[in-house]
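Participant: Mind having a look at this structure? Questions to follow.
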Amino acid sequence: SCSTFFNGKFIASELRAIGGIRRSQDDVLFKLGLVLAVFGALVNVVSDEILLRRRRANTRATPSRAAARRHSVVSTNKSSKYILPNGFFFDYVLCPNYLGEFIEWLGLAVATNNLALRAFALWTFANLFPRAVNYRRWYVDTFGEKAVGKHRKAFLPFLV
């Protein structure tokens with residue numbers, strides 16, 4: 001998309017103009033940032049893959065059969081094929097892919113102490129946090145508070 005192109009251009013120009021990484025690779029924050037970035041990428045990719053597999057399986061079978069195979073909750077609406085994902089980070093937050101993406105960008109910002117990456121981490125949070133909150137409302141409306149559970153948050157485990 002256009003915003004992705006300009007984001008990439010902004011980050012690349014910032015990295016080129018100032019030499020990119022403002023932290024020593026021996027700095028504890030550099031190492032912590034890299035661990036966060038890899039962890040976030042893992043959460044993001046695995047969560048996306050779980051959603052993709054569940055969507056594919058759901059189109060090939062009736063919702064109840066698909067849910068039984070994947071240990072998910074099916075909407076009580078008979079005409080709906082929506083499934084409430086469970087397992088992995090879905091047991092803690094309803095949008096772990098969003099959380100993973102934010103952690104990934106936050107980790108890169110911490111590792112590099114780069115202005116463009118800090119701005120992008122902030123922008124990612126500002127974009128994905130409200131979406132996750134709205135998704136939680138949708139899940140509660142679709143499946144009910146009991147199925148979603150009060151323990152399962154929108155974006156940040158145990159908090160929000």
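Every number in this text was worked out from the coordinates using simple rules, so none of it is lab data. Owing to the predicted nature of the structure, the values given are computational and were not obtained by experimental measurement. Virtual Cβ from ideal backbone geometry, glycine too; neighbours counted across all protein chains shown.
Participant: Excluding residues fewer than 8 places away in the same chain, name every one of the lysines whose C-alpha is closer than 28 Å to that of K9.
Facilitator: The reachable lysines, counting only those whose Cα sits under 28 Å from K9, are K31.
Participant: To continue, here is another question. In nm, to one decimal, how far is the modelled label at L52 from the one at F158, with both set 7 Å along Cα→Cβ?
Facilitator: According to this spin-label approximation, the distance is 3.2 nm.
Participant: A follow-up question, please. Could you tally the net charge around A109, taking each other residue with its Cβ under 11 Å from the Cβ of A109, Lys/Arg +1 and Asp/Glu -1?
Facilitator: Values: positive: R22, R23, R118; negative: E104.
The answer is +2.
Participant: What span do the alpha-carbon atoms of the range 73-160 cover on each of the three principal axes, reported in whole Å from largest to smallest?
Facilitator: Taking the Cα atoms of the range 73-160, the three principal extents are 50, 19, 19 Å.
Participant: In nanometres, what is the gap between the two model label sites at L29 and Y82, each 7 Å from Cα along Cα-to-Cβ?
Facilitator: 4.2
Participant: Could you compute the FRET efficiency for A12 and V133, with r as their C-beta to C-beta distance and R0 at 25 Å, rounded to 0.05?
Facilitator: Working: r = 32 Å, r/R0 = 1.27.
It comes to 0.20.
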